[in-house]
Amino acid sequence: MMLNKFVFAATAAAALVTLAALPAAAKDWSTVRIGIEGAFPPWNATGPDGKLTGLDVEIANDLCARAKVKCELIQNEWSSIIPSLNAGKFDLVMTLGINEQRKKVVDFTVPYASGAATFLILKDGGPVKPLPMTGERLNLNDKAKADPVMGEIHQTLKGKIVGVVASTSHEQLIRTYFGDDVTVRTYKSSPERDLDLKAGRIDAGFDSAVYGASILSKPENADIAMTGPLLKGAMLATEVAIGMRKNEPELKAIFDKAIQEATADGTIQKLSLQWAKIDLSPTLPPQ
């Protein structure tokens with residue numbers, strides 16, 4: 001009887017070793033759930049009927065059709081979108097800018113859009129005067145050029161209240177560059193922040209330049225202006241990609257290929273000109 005126990009144990013152990021040596025079965029990505037904020041026009045918004053709309057929605061639909069994947073869009077508050085992704089609420093996240101901090105907790109596709117960030121102020125008579133290099137591109141990694149400009153902006157914003165969306169690279173930049181010399185006020189969404197800017201409860205906002213350009217044409221935002229340079233580089237997540245949980249290479253390969261195709265055939269350019277009024281096509285390495 002004891003011998004039989006040893007034989008059984010040995011056989012079971014051998015079976016476990018064999019199973020461990022087998023490659024893990026690939027996941028079935030025929031259906032994919034995509035997290036999206038729904039409060040960041042023109043990237044994404046929620047219409048009066050409760051349906052999601054915007055550039056991200058059209059790009060997601062195009063990519064899913066190319067990949068022959070059935071996709072479900074799931075609205076989620078931005079501040080918890082990465083924890084919700086890693087908790088399994090969805091498989092992908094739209095509009096996730098790439099930076100080093102986020103690379104520690106999620107993986108990214110290749111970029112599907114390339115943007116910039118800038119400041120928002122009240123157009124006339126506001127507490128913040130127009131900032132230097134308005135509308136001009138400035139890469140923060142070019143420190144010889146960027147540091148003097150950011151130093152001038154620092155002095156202008158000293159003692160002011162700057163509004164940003166929480167858990168964004170925009171918040172990270174304001175805190176890193178200006179420290180305690182400005183008061184940072186965080187919001188759940190950009191439109192919520194804009195209400196405080198128009199009401200005079202904050203002195204300036206800092207956000208995506210694409211978002212800024214999209215709201216200026218609306219009558220209710222006639223008092224707002226974009227000011228200062230169109231910033232890229234440093235911790236700013238201006239290269240916009242799709243985020244996913246770590247170590248899911250099959251899913252990454254599926255959507256990398258779809259993004260490459262949509263960029264090459266001009267679909268990204270067409271959709272970004274339609275929604276954002278500027279070409280956001282990313283520069284991607286050859287396939």
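Number of residues in the range 35-73 that are of a type in the set (Val, Ile, Thr) and touching a residue at least 60 places away in the same chain (Cβ under 8 Å) equals 2. Within the option set Ile259, Ile202, being crowded, with 20+ Cβ neighbours inside 10 Å and not assigned by TED's automatic domain parsing to the domain that holds Met150 holds for one residue only, Ile259.
The numbered conditions (1) without any contact (Cβ under 8 Å) to a residue 60 or more places away in the chain; (2) hydroxyl-bearing (Ser, Thr, Tyr); (3) touching a Phe, Trp or Tyr at 6+ places or on another chain (Cβ under 8 Å) are all true for Ser167 except (1).
Where residues in the range 131-165 are farther than 22 Å from Leu197 by Cβ and of a type in the set (Lys, Arg), which of them is surrounded by the most Cβ atoms within 10 Å (Cβ to Cβ)?
As a first pass, look at the range 131-165 and keep what is farther than 22 Å from Leu197 by Cβ: 136-149, 151.
Now narrow it down to the ones that are of a type in the set (Lys, Arg): 137, 143, 145.
Details: Arg137: 11, Lys143: 12, Lys145: 14.
Looking at residues that are farther than 22 Å from Leu197 by Cβ and of a type in the set (Lys, Arg), I get Lys145.
The single condition among (1) under 28 Å from Gly47 (Cβ atoms); (2) touching a residue at least 12 places away in the same chain (Cβ under 8 Å); (3) not hydrophobic (A, V, I, L, M, F, W, C) that Pro83 does not satisfy is (2). If a residue must be under 20 Å from Ser84 (Cα atoms), among the charged types (D, E, K, R) and touching a strand residue (DSSP E or B) at 6+ places or on another chain (Cβ under 6 Å), how many such residues does the range 217-251 contain? Looking only at that region, the number is 1. Against the test of being within 25 Å of Glu250 (Cβ to Cβ) and aliphatic (A, V, I, L, M), the options Ala117, Ala113 yield a single qualifying residue, Ala113.
Do we find that Leu231 is under 20 Å from the mean Cα position of the chain (by Cα), under 20 Å from Ile121 (Cα atoms) and surrounded by 15 or more Cβ atoms within 10 Å (Cβ to Cβ) in this structure? Talk me through it step by step, then tell me what you get.
Details: under 20 Å from the mean Cα position of the chain (by Cα): yes; under 20 Å from Ile121 (Cα atoms): yes; surrounded by 15 or more Cβ atoms within 10 Å (Cβ to Cβ): yes.
Criteria met by Leu231.
Just the residues that are charged (D, E, K, R), under 17 Å from Gly205 (Cα atoms) and under 12 Å from the mean Cα position of the chain (by Cα), please, taken from the range 78-133. Show your work before the answer.
If we filter the range 78-133 for residues that are charged (D, E, K, R), which is where we start, we get 89, 91, 100, 102-104, 107, 123-124, 129.
Add one more test, that the residue is under 17 Å from Gly205 (Cα atoms), and what stays is 123-124, 129.
Residues satisfying the conditions do not exist here.
The values are calculated or read from the model by the stated rules, or taken from the named source; none is laboratory data. Just so it is clear, the model here is predicted, and its values are computed rather than measured. Because the Cβ atoms are built from the backbone with ideal geometry, glycine has one as well, and the counts that use them run over all protein chains shown.
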